[in-house]
Each structure stands twice: as C-alpha cells, then as structure tokens.
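Working notes, beginning with the structure itself.
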Amino acid sequence: MMESAAKQATEQAREQGGRMKAELGGVVVLDFGGQYTQLIARRIREQQVFSAVLPCTSSIEEIRKFAPAGIVLSGGPSSVYDPQAPKCDPKVLALGIPILGICYGMQWITHTLGGKVEKAARREYGRAHLKVECQGQAQKSALFSGVPESLRIWNSHGDHVRTLPPGFCATGHTDNAIASLEDAARKIYAVQFHVEVNHTERGTELLRNFLFRVCMAEPKWSGAAFIEETTDAIREKVGNKWAICGLSGGVDSTVAAVLVQRAMGARLTNIFVNTGMLRKNEFEQTLEMLRDRLKLHVIGVDASDRFLAQLKGVTDPEEKRKRIGREFIAVFAEEAQKLQAGEAHGEIGFLVQGTLYPDVIESVSVKGPSATIKTHHNVGGLPEKIPFALIEPLRDLFKDEVRRIGKDLGLPQEILVKHPFPGPGLAVRLLGEITRPHLATLQDADAIVVEEIRRAGLYERVWQAFAVLLPVRSVGVMGDGRTYGLTVAVRVVESDDAMTADWVRLPGEVLERISTRIVNEVAGVTRVVYDISSKPPSTIEWE
Ligand code: XMP
C-alpha cells in the first residue's frame, strides 16, 4: 500500500507539471518528507500564487517544466548525515531561481554548499524567540522587510547550522542557534523555523516577502485558474476513455464530480451507493438534489444488504473500513460492467474520488516514517489492486479550499456547508458490531443532534456535529420502571482542516434539548453523554 501510494503521489505531482501553465509563474515545493509540506503549498496558494509539491528527488527537467518563479525546500524528519537522508539534485541551487529552505531545507542547503550542520545540544521544539539581525550586510534582508526585529517563532529541529556556507550571512538567531541565513546575490534564503504554521508570528509576511520581493511572483492564481487547469489536465489524462465517480453528495465528491463532468461531459457516470450506513433519509434526499438541482448523471445503487452482510460479526474499526472499501470497489466494478454493456461507448478506465489532502496524510505515509493514523476509505481502505486508474482532482487541497472551488463552480450553499461525513459512514460511529436495529437507532439520534444544532444557528459555525452509538448499556428509570438501555455520545467539534480539532462549548440549553429529545424520541436509549475530547490526542470519529 505504502509503496503504491508513494508512486501514485509522485505520478500525481508529475501530472501537475502539465497542469500548471508556465505563465502562472508559481512556486514548486520540493518535499523532504516534512509534516507541513502541503501546508506550505497551501499558504502560497492563499497568496494567489500557484504552488505544487514535488518529491525532492525530481529531476531538474521535471522542475523546469513548471517554469517556477521560486522553489521552496521543505522540512523533513531526517538529519543530513543519515545514510538515507533525502536529497535534491544540488543543481537546483544553481538554476538562478530564488530558493527558500525551511528547517531541513535550510540544513540541506548549508550542508550542500559547504557549511556545517551538527546535532544541537538541545532539541528546539515549539515556541522560540527570533532576533532579526543581518550581520555583515549593508541592507536589511528582503525576507524580513517590514517585520519587527523580534518575533515569536515555531521550531521543530534536532540539528542546527554551526558554520555558514561561503557567501552566506546569518539574518536571525534564537538563543540556541542560527535561525535564518541567506546569500542575497544568489537569491538563496533559508529559515530554521516554520513560517507556514500559525504559531510563527508574521510567518505569512515572511512568505509574502519571499514570493513578492524575492521571486517577484505575480498573484495570478485563483479558483477559476484551478478549475481551468484541472479540467485541461483531466481531459489530457482520460483521452477518449470513460469514467465513473463515487459520489456521496458531500462537498468533496460533488466538487470532484462537477469538475470532471466539465472535462468529460456525458462520459462520466456518477454512482451513489446506499451502504445502509448513511444518515437518516440521506439516500433519497441526496439523490434528488444531485439529479434535479445539479443535473448530474447519477445512478443510485441500494447495496445496503450486501454491505451489512460483509460487516456481520466485524467489530474492529480498520477491518470495517477495509471491508467497506472492498465492497465499494465491487459495486463500482459491477456498475461499470453494466455501463460498458450498455450506454458507454468506450472503455471505463477511471474512478473519480473526492480525496482531499488531510485524507492522504492521515492514511498513508508517503515518504517519511510517520505512522498511519486511520485508513480513510477514500485512500487507504481501497484494495491494493483496483480495476480503475484514479482521478483525484482535489488530492492536494484542504477542505476550505475545496469549498471555495465549489463556490466558484456555482454549487448550492447547502452542499458547500455540509458537514464532512466519513466514507464508511455510520459504521465508524456505531461501535462494535453493526446491526440494522442499531443503525436505525443511531440514525434517529443523529438526526436530532443535527436538527438541534441547526435550530441553534450553529450548523455552519461548527466543523461536524453527530451522534455515536456506544455498545454500553446502563441503568435508567422511566415512568415507574427500571430501564437498561443504550448510550449515545454527542460529538460536536470545530476545526480548520480536520487535522486538529477542539470540542465545542455548546450552550447548556442546546445540550439539554438534544439530550431530552434523544431519550424521549429514540427507543432503547437511556443515556446521553457529551464528548469533551480534542484532537489530538483523540480523533474526531470514535473509530
Ligand atoms: P478523524 O476521526 O481521523 O477524522 O479525526 C478526520 C476527518 O476525516 C473524516 N474521516 C473519514 N473520512 N473515510 C473518510 O472518507 C474514513 O474512513 C474517515 N474516517 C474519518 C472524519 O469525519 C473527519 O472529518
């Protein structure tokens, strides 16, 4: 899985080479396996400058295809002295294209150009204080233009720069180490800290300085440009083949479907599967909306019996995800065969998915040794061999970026604000074995949670709000009788990108209404609890 995911990521990044037109003058981020690499790309796109991530091993020709206005060298978990330490082609530093090295990127530049990197006496992790001082330079560094001389920054490194490479000067220090350096004549800049994370004060301004004062990039990138470029790239990729799309009615797959439909028209058929684990009435309502309001060509397949049969007796969350992933592919393959025998006049070679970047990072470890957190079915839960090539046009984007693209595509607000829903659906919110009666109980409780959150005007202000059914019975009393019923946990979280999340401090009256309604209206539930855990260390879903 890991190897094929890495291959796929590389291929995907290469495809973008064709996608990004040279005149956009974007920035290439070369990835050394850092945790924040995609965040760097996203921060650059926030400045309306196109940005694509490429593996650090990309050849000079591959990089040149992008005609980049600048190159960022990302952070990474290695030490430059590790035998397996990731490297770029050193010629990257001689292209005359402005460079910004971040963290490991700074260490690699130093090491490659003749400076010295060594293990720090103490690891710098978390907040630190930066003093901007340009030693031996007549002018202030362009990178630090307009920012105060003292900044709170965010670090995460075990090695640091001991000796500068020839021609470089230090532009900032922490108490512990050289924090930034540059050779302005060669337009090579580097910072030991992470400009891309919010904890670094004025991080965005430093990045803007690099983009607009050093690279002279132009802010030409926009949702419209993304739509145009992606549509062209999909057309090129699919040739005259046909495709199916696994559509769920959520914002990600709907944006992906609308984008691909722009590129392929009637050669795209969307398949919306009722796994039996959707929210209450969701299958019928969503199908109507996709067909009637969005005019998408959608086949609705009610496959709940077969999904439930696959899950009989299964309690392990990862096993649930894998079986659901397998069954999805089986349904798609069957539907593709039917299409092939009927209305499709060409080979169905592609499966479109609305995978986003946070799904990728949490499911597969593409370059580094970071552990898989959960195999989200969009990505990791798919079987190793599937009979389609994947089209995942949103794979590099974060949710709020997808919502913006959806808005530019004219999608109704109702879809744009819809809360994320996991591919395996209620299967990962019903702890333990899945049974039809328990699914119905969970659907009813969940509908009440969402209704009350909407009624309180909070739906669009929170990231997700849902119910979880616990396989725990507890004693209650109703009327004059003792009850021994199920427990519902209510989970409401706020988040920017699902990578971290905090529980929402709901008003007492809202919690009270949710609790009272669930125990009164949902048979078999006698207790309601509110989940007050953040991510990390918990995850948003319970399984
Ligand atoms: P966790 O639980 O990992 O969830 O904090 C992060 C975000 O991802 C969603 N999620 C999934 N999405 N397949 C999906 O397509 C999955 O298996 C899956 N598991 C979690 C979750 O709802 C949250 O928005």
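The values are calculated or read from the model by the stated rules, or taken from the named source; none is laboratory data. Bear in mind that the values here come from a model prediction, so they are computed numbers and not experimental data. All Cβ positions, glycine included, derive from the backbone under ideal geometry; neighbour counts span all protein chains shown. Remember, those area values only see protein heavy atoms, side chains included, never the ligands or the DNA or RNA. Shrake-Rupley method; radii C 1.70, N 1.55, O 1.52, S 1.80 Å.
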In cubic angstrom per residue, the convex hull of the range 436-530 built on its Cα atoms measures 105 Å³
So for the range 223-416, using the alpha carbon gyration tensor with a ≥ b ≥ c as root eigenvalues (a/c under 1.5 gives rounded; past that, a/b versus b/c decides prolate or oblate), I'd call it rounded
Interchain or sequence-distant (5+) residues whose placed amide H lies within less than 5 Å of the amide H of ALA389 are PHE350, LEU351
Under the Karplus relation with 6.51, -1.76 and 1.60 and θ = phi - 60°, whole-Hz ³J(HN,Hα) for the range 440-454, x at Gly and Pro, equal 5, 4, 5, 4, 5, 5, 5, 4, 5, 4, 5, 4, 6, 5, 5
Karplus ³J(HN,Hα) for the range 172-180 (6.51 cos²θ - 1.76 cosθ + 1.60, θ = phi - 60°; Hz, whole; x = Gly/Pro) runs x, 9, 9, 4, 9, 7, 5, 9, 7
Net charge near VAL72 (other residues with Cβ under 11 Å of its Cβ; Lys, Arg +1; Asp, Glu -1) is -1
Under the 7 Å Cα-to-Cβ spin-label approximation, THR539 and LYS312 lie apart by a distance in nanometres of 2.7 nm
Which residues qualify? For GLY76, with a placed amide H closer than 5 Å and at least 5 residues away or on another chain, they are TYR104, GLY105
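What does the accessible area per residue of the chain come to in Å², with a 1.4 Å probe and no ligands, DNA or RNA counted?
Details: 22740 Å² over 543 residues.
For the chain, the solvent-accessible area averages 42 Å² per residue.
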The ³J(HN,Hα) series, computed from each phi in the range 317-328 with the Karplus coefficients 6.51, -1.76 and 1.60 at θ = phi - 60°, rounded to the nearest Hz and given as x for glycine or proline, is x, 5, 5, 4, 4, 5, 5, 5, x, 5, 5, 4
Simple SL model, points at 7 angstrom along Cα→Cβ for ARG454 and GLU205; separation in nm is 4.4 nm
Pseudo-spin-label distance THR483 to ARG127, built 7 Å along Cα→Cβ, given in nm, is 4.7 nm
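Could you order peptides 325-331, 294-300, 443-449 by the average number of other Cβ atoms within 10 Å of their residues, highest first?
Highest to lowest by the protection proxy: 443-449, 325-331, 294-300.
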Along principal axes, largest first, the alpha-carbon spread of the chain in whole Å comes out as 83, 61, 41
Relative contact order of the range 436-530 (C-alpha contacts under 8 Å, at least 6 apart) in percent is 30 percent
Checking the range 44-100 for chymotrypsin sites (Phe, Trp or Tyr not before Pro) in a loop per DSSP with at most 13 other beta-carbon atoms within 10 Å yields TYR81
So the angle from the long Cα axis of helix 2-19 to the longest Cα principal axis of the chain, reported in degrees to the nearest 10, equals 70 degrees
Cβ-Cβ cut-off under 12 Å around GLY239, Lys and Arg +1, Asp and Glu -1: the net charge is +2
Residue separation between ARG326 and THR163 times 0.36 nm, minus their alpha-carbon distance, gives in nm 53.3 nm
Counting only protein heavy atoms with a 1.4 Å probe and every protein chain in place, the carbon and sulfur fraction of the accessible surface of the chain in whole percent equals 50 percent
Contour minus Cα-Cα span, GLU334 to TYR530, at 0.36 nm per residue, comes to 66.4 nm
In degrees rounded to 10, the 0-90 angle between helix 251-264 Cα long axis and the longest Cα principal axis of the chain is 80 degrees
Sorted by chain and number, the residues with a modelled amide H under 5 Å from that of ALA179, at a separation of 5 or more or across chains, are GLY172, HIS173, THR174
Reported to the nearest 10 Å², MET106 has, with a 1.4 Å probe, an accessible area equal to 0 Å²
Over all pairs of different Cα atoms in the range 21-214, the reciprocal of the mean inverse distance gives a Kirkwood radius in Å of 16.3 Å
